[in-house]
Amino acid sequence: MHKQIGFLSLLIAMCATVGALGQSAAASGSEAHRPQFHFSPKAHWMNDPNGMVYYNGTYHLFFQYYPDGTTWGPMHWGHATSKDMVHWHEQPIALYPDSLGYIFSGSAVVDVNNTTGFGKNGQTPLVAIFTHHNPALEKQKSDKFQYQSLAYSLDEGKTWTKYKGNPVVQNPGITDFRDPKVRWFEPQKKWVMTLATKDRVTFFSSPDLKNWSKESEFGKESGAHGGVWECPDLFPLDYHGKKAWVLLVSINPGGPNGGSATQYFVGDFDGHHFKPYSTQAKWMDYGTDNYAGVTFSNTGNRTILMGWMSNWQYASVVPTASWRSAMTVPRMLQLKAVGKELFLASTPVTELNKLDVPAFSLKNLTVHNQFDLTAKAKNETGLFRLDLSAPNTADFALVLANDKGEELTIGYNKQANEYYIDRTQSGKTDFEKGFGKRHTAPRLATDSNLTLTLVADVASVELFADNGLTVMTDIFFPDAVMTRLHLKSATGITINKITYSKLTPSVSIN
Ligand code: FRU
């Protein structure tokens with residue numbers, strides 16, 4: 001049933017295709033808010049990134065997908081591939097719902113040692129580990145309607161076979177029991193699964209991805225608990241030759257600026273237990289639009305994350321007609337110390353630089369009230385990257401604006417020592433009462449100069465402050481492209497340096 005594309009879906013897909021082809025500079029109508037270098041599905045509903053894995057020169061992005069509508073529905077795994085994480089090509093759906101349920105979030109690994117035995121004649125299997133969500137059991141008010149299953153591919157992710165022994169992790173009676181993220185733990189030669197189990201994370205281990213034993217739990221007494229825990233990820237990062245482990249946990253609702261967001265903990269992991277250095281929640285991104293982000297498998301010594309660039313608070317009502325939502329740009333994750341504490345820092349992957357069309361650079365720029373950059377920027381598309389360094393001595397802001405008088409403001413508030421993004425006047429906001437807000441994020445860095453990298457793509461901004469220590473991702477829906485750009489500072493400030501590049505669109509229809 002799910003394989004049939006109805007006539008209406010086909011028509012919508014065709015319209016989206018035409019839009020995607022003819023858009024870049026002058027996107028209009030239903031494609032007006034289509035991102036130009038972020039992945040978005042040609043048509044229909046998307047949420048979490050799933051099964052991200054790098055294999056044989058290709059990055060695979062699977063995603064929660066409902067191919068029959070623009071709001072959430074029975075979940076499939078959509079699929080897209082890329083050679084560089086910047087140019088994405090949408091592929092046929094990878095996983096369809098079956099008699100065990102919908103295909104919820106999960107991960108994928110390269111089973112190099114063929115621990116599963118799925119590989120025949122020396123083939124290396126790609127194995128997806130995902131949650132089956134059984135709507136029939138849910139209806140019967142059972143609390144065991146989510147369990148973990150496997151599928152494998154022997155042709156580099158093109159086609160998938162579900163494992164006959166599914167499910168591989170049965171539900172012990174926990175209503176929220178989902179989103180397995182699996183990695184190989186070399187010291188003990190075993191797989192480790194990090195699973196969201198309602199108000200905590202549960203770790204399991206396995207020699208072969210098929211037989212799992214519970215190791216431990218973490219988090220009931222730690223971190224933020226304003227909503228259910230979802231989409232965890234556990235990975236090591238080096239810090240000056242030492243290894244620390246980062247545990248990401250998405251939470252919905254309960255984010256620092258409302259709705260969904262991702263908290264994290266830094267600590268040690270010995271293959272059995274996670275021990276945090278601090279039980280306080282830290283936030284990976286203070287904007288409202290980076291959710292369910294997890295890392296790619298198999299990317300060597302880089303740890304790369306992409307998140308869903310939306311928020312459950314309004315994802316179903318955002319004003320895009322034929323598709324819903326996009327992913328964030330891929331971000332490289334690192335640990336940075338502030339005082340004695342370690343924090344996660346995110347910065348756009350360097351592959352993004354290939355879209356740069358350098359436009360101008362200015363030094364020692366004094367801003368009194370306002371400095372207009374519009375003529376220099378010549379920004380017809382709303383796609384740019386701006387790098388700025390300024391002393392932390394005064395308030396200042398960058399304003400994106402359009403001919404309709406709409407504005408999006410990204411700034412630094414000296415007195416509060418915080419960054420903010422204000423989308424109250426940014427265009428369409430009335431589709432949800434909490435959307436048109438000003439979001440804030442504490443400045444963590446203590447250096448006297450602050451640095452900002454801002455990446456803008458038609459209807460989103462991603463702010464990486466202080467080399468990624470404070471991050472904010474916000475979407476917005478202007479009624480015309482934000483072609484104007486100015487700096488403002490009521491008290492006056494001299495910006496050390498500002499570098500601006502236009503970005504080339506990288507979306508294509510295949
Ligand atoms: C997170 C989430 C996951 C779940 C999926 C369902 O956004 O709720 O916990 O697996 O979305 O689409």
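The values are calculated or read from the model by the stated rules, or taken from the named source; none is laboratory data. Predicted model only: the values in this text are computed from it and were never measured. Note: ideal-geometry Cβ built from the backbone for every residue, glycine included; neighbour counts use all protein chains shown. The accessibility values were calculated without ligands, DNA or RNA, using every heavy atom of the protein model including side chains. Shrake-Rupley method; radii C 1.70, N 1.55, O 1.52, S 1.80 Å.
Return the whole-Å distance between the Cα centroid of segment 39-113 and the Cα centroid of segment 127-142.
Their Cα centres are 18 Å away from one another.
Evaluated at 10 °C with a viscosity of 1.306 mPa s, what Stokes-Einstein diffusion coefficient in µm²/s does segment 192-237 have when Rh comes from the Kirkwood expression over alpha-carbon pairs?
The diffusion coefficient I find is 139 µm²/s.
Rounded to the nearest 20 Debye, what is the dipole magnitude of segment 45-348 about its Cα centre when Lys and Arg each give +1 and Asp and Glu each give -1 at the C-beta?
Once rounded to the nearest 20, the dipole reads 380 debye.
Over all alpha-carbon pairs of segment 341-383, lay out the pair-distance distribution in 5 Å bins, whole %, shortest bin first.
5, 12, 17, 17, 16, 16, 12, 4, 1
How about segment 126-173: which trypsin sites (Lys or Arg not before Pro) there lie in a loop by DSSP and see at most 14 other Cβ atoms within 10 Å?
Qualifying residues, ordered by number: Lys141, Lys158, Lys164.
To test your reading of the geometry: what angle, between 0 and 90 degrees and rounded to tens, separates the Cα axis of helix 7-22 from the longest principal axis of the chain?
Between helix and principal axis, roughly 40 degrees.
Give me the orientation-averaged projected area of the Cα convex hull of segment 58-100, in nm², one decimal.
Computed as one quarter of the Cα hull surface, the answer is 3.5 nm².
Using a 10 Å cut-off on Cβ atoms, rank the peptides 373-379, 70-76 from the highest mean neighbour count down.
Sorting 373-379, 70-76 by mean packing, highest first, produces 70-76, 373-379.
Once neighbouring chains are kept in place and the probe is 1.4 Å, which whole percent of the accessible area of segment 80-168 is contributed by carbon and sulfur?
That fraction is 51 percent.
Measuring from the lowest to the highest alpha carbon on each principal axis, how far does the chain reach, largest first, in angstroms?
Rounded to whole Å, the extents work out to 67, 58, 45 Å.
In nm², what is the average projected area of the convex hull enclosing the Cα atoms of segment 180-320?
So the Cα hull casts an average projection of 9.3 nm².
Could you give the semi-axes, largest first, of the ellipsoid that matches segment 45-348, computed as the square roots of 5 times the alpha carbon gyration tensor eigenvalues and rounded to whole Å?
Over the Cα atoms of segment 45-348, the semi-axes work out to 25, 23, 21 Å.
So if I average 1/r over every pair of distinct C-alpha atoms in segment 354-503 and take the inverse, what Kirkwood radius in Å does that give?
15.4 Å
Measuring from label point to label point, each 7 Å out along Cα→Cβ, what is the Lys220 to Lys404 span in nm?
The two pseudo-label positions are separated by 5.1 nm.
Give the separation of the Cα centroids, segment 229-251 to segment 374-424, in Å.
A separation of 31 Å, based on Cα centres.
Let's see if you can work this out: charge +1 on each Lys and Arg Cβ, -1 on each Asp and Glu Cβ, no other charges. What is the dipole magnitude of the chain about its Cα centre, in debye to the nearest 20?
440 debye
How would you rank 187-196, 232-241, highest first, on the average number of other Cβ atoms within 10 Å across their residues?
The peptides rank, most packed first, as 187-196, 232-241.
Modelled label-to-label distance, Gln370 and Ala480, 7 Å Cα→beta-carbon offset: nm?
Inter-label distance under the simple model: 1.6 nm.
Quick check for you: with a 1.4 Å probe and neighbouring chains kept, what is the accessible area per residue of segment 45-348, in Å²?
Accessible area per residue: 36 Å².
What percent of all Cα-Cα pairs in segment 95-193 falls in each 10 Å bin, counting up from 0?
Cα pair-distance distribution for segment 95-193, in percent: 16, 45, 29, 9, 1.
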